[in-house]
Amino acid sequence: MRLAALATAITAALATPAFAAPPPTGFRLVEDGALGIELPKDHSLLGGVDDKVSACANGPIAPEGSGLFWLEISRAGKVSAAFVHGTGKLDRCLEKALTAGKIADKLAAPIILIGHIDLMRRETSEYLPSPRVSQAPVLLDAHNTKWQLTATRISYTTNRMLDIAQALDGASAKIASCAPKRGAKAAAARAVAWTDGHARVRSGTPAYDDCVANAVSAIKLPAADSAFWMELEITAPAEPLAARTENPNLTHEQAMRDALTTAVRSRKLDLRACLDGHPNTKLDKLAVVLDGEKANARPLSTGNADADVCIRNKFHLIAIPSATARDHVELEVTLDAD
């Protein structure tokens, strides 16, 4: 009997590990950007939310996808407003969880924190796909106003980047009409924007922000879980993309080549700025392609890979107002006038 009992005890001990592995948290909270503070490289800013977010991720409601978040944080470091979209019925639970967050770092002023939450598919314990991120700048037409918006980075859920760029282009006139609300003494600035059908914009000028948010709110999103946030630069507009000649006898193809040449040369200083800090690089010509109503730089070699990427990002999805959806022109443009 004693031997049998001992054998049973040994078997039970071997079958039960001394230290059980902790269950998966079911989420990854990633801070992608901020307004009003530089993101630290060695740690996350937001604390105090892991247990509450984990309770949502592992609760009775299964996530339908990974999502984006937007957090408004007071100078005291407390979350004053939280918005989450893309996870389905978990959005509200996650918003409430994130409002419990706090930033220990000392803040000089209120900030905005943006990012994404990856959630786990429970059947396989694998993470659902992350929201996508585009770092190709989208330049919005300034429509002859003082300020131009450029979306330098966009993160999105079920949207398509092409659809977002086209929607922003369609809203550009309404956005440009907000320019006077920045005031006569305004300077170039950074901004962030969010929309899940209801937009929020922050640049530090409330009247301007509300005006731009109203314009962005008019963009129709394709699905219930669609959302995107943007990092924005507010700068003086680039030179208008007018043709270099007013010759009425130009064919449409000649006019397109002329407009492409102007589009490149009007950005010459900005493009060559990509060479700064990279000795032995050179940019005399730029190969571009007009496909539909937008123009893009072709792959190039300046002598430095980072400079090449910078130039292609700066000449990306450039609107050519006189182009049509059926236009296709490939051209090599000399940056300095003939």
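Any read-out appearing in this document is the output of simple, stated calculations on the displayed coordinates, not a laboratory observation. Computed from a predicted model, the values in this text were never measured in an experiment. Neighbour counts run over all protein chains shown; Cβ positions are idealised from the backbone, glycine included.
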Would you work out the charge dipole size for segment 27-130 about its Cα centre, treating the Cβ of every Lys and Arg as +1 and the Cβ of every Asp and Glu as -1, and quote it to the nearest 20 debye?
-> 340
Would you mind ranking Met120, Met161, Met230 by Cβ crowding within 10 Å, fewest neighbours first?
-> Met161, Met120, Met230
Helix 161-170: angle to the longest alpha-carbon principal axis of the chain, degrees 0 to 90, nearest 10?
-> 50
Ranked highest first by average number of other Cβ atoms within 10 Å, how do 218-224, 109-115 line up?
-> 109-115, 218-224
With 0.36 nm assigned to each residue of separation and the Cα-Cα distance removed, Lys185 to Met161 gains 5.2 nm
Pick out, from Leu107, Ala184, Ser266, the residue whose Cα sits farthest towards the positive end of the charge dipole of the chain, with +1 on the Cβ of Lys and Arg and -1 on the Cβ of Asp and Glu.
-> Leu107
Relative contact order of segment 27-130: what whole-number percent is it, with Cα pairs under 8 angstrom and at least 6 residues apart?
-> 39
Residues Cys56, Cys93 in order from fewest to most other beta-carbon atoms within 10 Å are Cys93, Cys56
R0 of 41 Å, Cβ-Cβ distance Glu253-Thr145: FRET efficiency to nearest 0.05 = 0.85
Degrees, to the nearest 10: 2-15 long Cα axis against longest axis of the chain | 10
Modelled FRET efficiency - R0 45 Å, Arg121 with Lys282, Cβ distances, 0.05 increments = 0.35
Placing +1 at every Lys and Arg Cβ and -1 at every Asp and Glu Cβ, with all other atoms neutral, what dipole size does the chain have around its Cα centre, in debye to the nearest 20?
-> 840
Per the rule of 0.36 nm per residue minus the C-alpha distance, extending Ala104 to Val309 adds in nm 70.1 nm
Please build a GNM for the chain, connecting alpha carbons under 10 Å apart, and tell me which residue among Ser217, Ser177, Ser322 fluctuates the most.
-> Ser322
Measure nothing fancy, just the Cα-based angle from helix 305-314's long axis to the longest principal axis of the chain, in degrees from 0 to 90, nearest 10.
-> 70
If you work out percent of Cα pairs over 26 Å apart from the coordinates, which of (1) 59; (2) 45; (3) 54 do you get?
-> (1)
Which residue, Val138, Val288, Val201, has the most motion in a Gaussian network model of the chain that connects Cα atoms within less than 10 Å?
-> Val288
Using 0.36 nm per residue, how much length does the chain from Asp291 to Thr25 gain when fully extended, once their Cα-Cα distance is taken away?
-> 91.2 nm
